[in-house]
Amino acid sequence: KTRKALDAILKRRKQGAGKALVFAPRSILVPAWANDCKKFTPSLKTSVATAKNRAKAFKEDADIYITNHDAVKWVAQNTEILTDFDILVIDESTAFKHRTSQRSKAMNTIAKHFPIRWIMTGTPNPNSVTDLWHQVFLLDEGKRLGTSFWKFRAAVCEPQQVGPDPSHIKWVDKDGAVDVVADLLEDITIRDVFEECVDIPEHSIHTITFTMSPKHREMYETMRDQAIIELTDEDYDISAPHAGQLANKLLQVASGAVYNDERISKSLASDRNELVMDLAEQRGQCVIAFNWKHQRDELTKLADKRGWKYAVVDGDTKEKQLPIIVNQFQSGEIHYVFAQPQSAAHGLTLTRGTATIWVSPTYNAEHFTQLNRRIYRAGQTRKTETLLVCAEDTLEANVYNKLQGKLSKMNGLLDFLT
């Protein structure tokens, strides 16, 4: 996506178009955008604006100004800097799918200053067709999907009651809604299927099941049936009064630890982590996806014991460390990357690896899809695989199935309870 956008910006600049402003996830401003520009369109000058140098970066003489999603509010308050701009590019545009967020409202203000607007994403509607509405509104201000979200939702979704009160409903996509919307957007959409564009070896997905210990199984079933478990530590009883909380707690318990209200974790079992380490060791270089801090801490302890060369990519990883980690992995200096999906789902090229191992499932379809693409992408020369570690007879199987599209489209965490 980045290469295609850069080529288009170069062409339009040669035709006399104004400057380009790119909004992208913070983690890929340099690794994807700035580096790709230097590699593929070196005649274009770039300026990368971060929170520390934002005002200065926009004063530089450049063709493309690259900044992170959260900068949108600053730009909306300083629209005088947009005088010489024509092209707006929103990378990973699902960050602006919620029309009521401050970030989205600010982007609405900015978009009106640009006659040329592009949005880019590999997962435009990860949960529902309604995720598309605001992304498209940023492009055409309602020309194709209407100016009212409520009217759009009423047309493409139907309500389903999920609780005793009539107001307890969720909106579910109508059959064929995606196809209808796709037809409406056909004239402004360019869709490239990865496998049709790149000659790449086969990729496969495998589920690796394991059986919880009797004690671990008992805690899981108690939480499932009674929505509470009593642990031996004083003041460490865990309860889940609501269905959404119950789903989250069940996934935590199955993962081998659980958090209390103070976000302090209590370890319940470690056999899953040992299995993950064995799977990784059998495969040489790979990416290991974790969801919770307790998983990161336990896995890195085991990695230290085994003498692994590894790196961690999560919310604590500094932006300047990312290209170093990528280079170390690609050169073989480190063999394993422990990756939190939210932090590592975009922009990282880790094609030296041949496997992505999910320690436990995420319920974010976009993160799942994108993280699996860190190794399965252009430049990969070997067969790759995604391994889904799943506790037998638990909610995890439901989550993995829906992530792979085997069941109905996801509409939220509650779906995983059924």
Whole-Å distance, taken between Cα centres, linking region 354-403 and region 292-336: 18 Å
Helix 321-331 vs. the chain, principal-axis angle (Cα, 0 to 90°, nearest 10): 80 degrees
Per residue Cα convex hull volume in Å³ - calculated over the chain: 163 Å³
Mean-position separation - Cα centroids, region 132-162 and region 18-52, in angstrom: 31 Å
Mean separation of Cα contacts under 8 Å, 6 or more apart, over the residue count of the chain: relative contact order %: 14 percent
Rounded, prolate or oblate (a/c below 1.5 giving rounded, otherwise prolate when a/b exceeds b/c) for region 64-143 by Cα gyration tensor: prolate
Burial ranking of peptide ranges 105-117, 62-74 (average Cβ count within 10 Å, highest at the top): 62-74, 105-117
Per-residue ³J(HN,Hα) for region 35-40, Karplus 6.51 cos²θ - 1.76 cosθ + 1.60, θ = phi - 60°, Hz, x for Gly and Pro: 5, 5, 5, 4, 7, 9
Surface share of carbon and sulfur [accessible, 1.4 angstrom probe, percent] for region 328-411: 41 percent
3J(HN,Hα) from dihedral phi, region 23-29, Karplus parametrisation 6.51/-1.76/1.60, rounded to Hz, x for glycine, proline: 9, 8, x, 3, 5, 10, 4
Amide H contacts of Val48 (H built 1.01 Å from N, under 5 Å, at least 5 apart or other chain): Ile66
Ranking by accessible area, most exposed first, for Lys293, Lys383 with a 1.4 Å probe: Lys383, Lys293
Exceeding the 26 Å Cα-Cα cut-off - candidates Lys105/Lys151; Lys174/Lys402; Lys112/Lys143; Lys105/Lys143; Lys14/Lys320: Lys14/Lys320
Ranked by how many other beta carbons lie within 10 Å on average, peptides 34-44, 384-394 from highest: 384-394, 34-44
Unit charges at the beta carbon, dipole of region 247-326: most positive-side option, Ile324, Trp292, Leu275: Ile324
Trypsin sites (Lys or Arg not before Pro) restricted to region 160-192 and DSSP loop, no more than 13 other C-beta within 10 Å: Lys174, Arg191
Region 253-377: C-alpha gyration tensor shape, a/c 1.5 cut-off, then a/b vs b/c: prolate
Per residue solvent-accessible surface (Å²) - the chain, probe of 1.4 Å: 49 Å²
Amide H partners (placed H, <5 Å) of Ile334, local residues excluded: Phe329
Normalised contact order of region 58-184, rounded percent, pairs of Cα under 8 Å and 6 or more residues apart: 18 percent
Separation of the Lys320 and Asp225 label points, Cα + 7 Å toward Cβ, nm: 5.6 nm
Amide proton proximity set for Ala289, modelled H, under 5 Å, gap of 5+: Ala339, Ile357, Trp358, Val359
Inter-label distance, nm, simple model (7 Å from Cα along the C-beta direction), His206/Ser167: 5.1 nm
Dipole magnitude of the chain, debye to nearest 20 (Cβ charges: Lys/Arg +1, Asp/Glu -1, about Cα centre): 1880 debye
Expected 222 nm ellipticity per residue - DSSP helices of 4 or more, -39500 (n - 2.57), all of the chain, to 500: -10500 deg cm²/dmol
Cα shape, region 1-149, gyration tensor, a/c 1.5 rule: prolate
Region 24-77, accessible surface, carbon-and-sulfur percent (1.4 angstrom probe): 48 percent
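The values are calculated or read from the model by the stated rules, or taken from the named source; none is laboratory data. Just so you know, these numbers come straight off a predicted model, no measurement behind them. Quick reminder, even Gly has a Cβ in these numbers, built from the backbone with ideal geometry, and neighbours come from all protein chains shown. Surface areas here come from the heavy atoms of the whole protein model, side chains and all, with no ligands, DNA or RNA. Shrake-Rupley method; radii C 1.70, N 1.55, O 1.52, S 1.80 Å.
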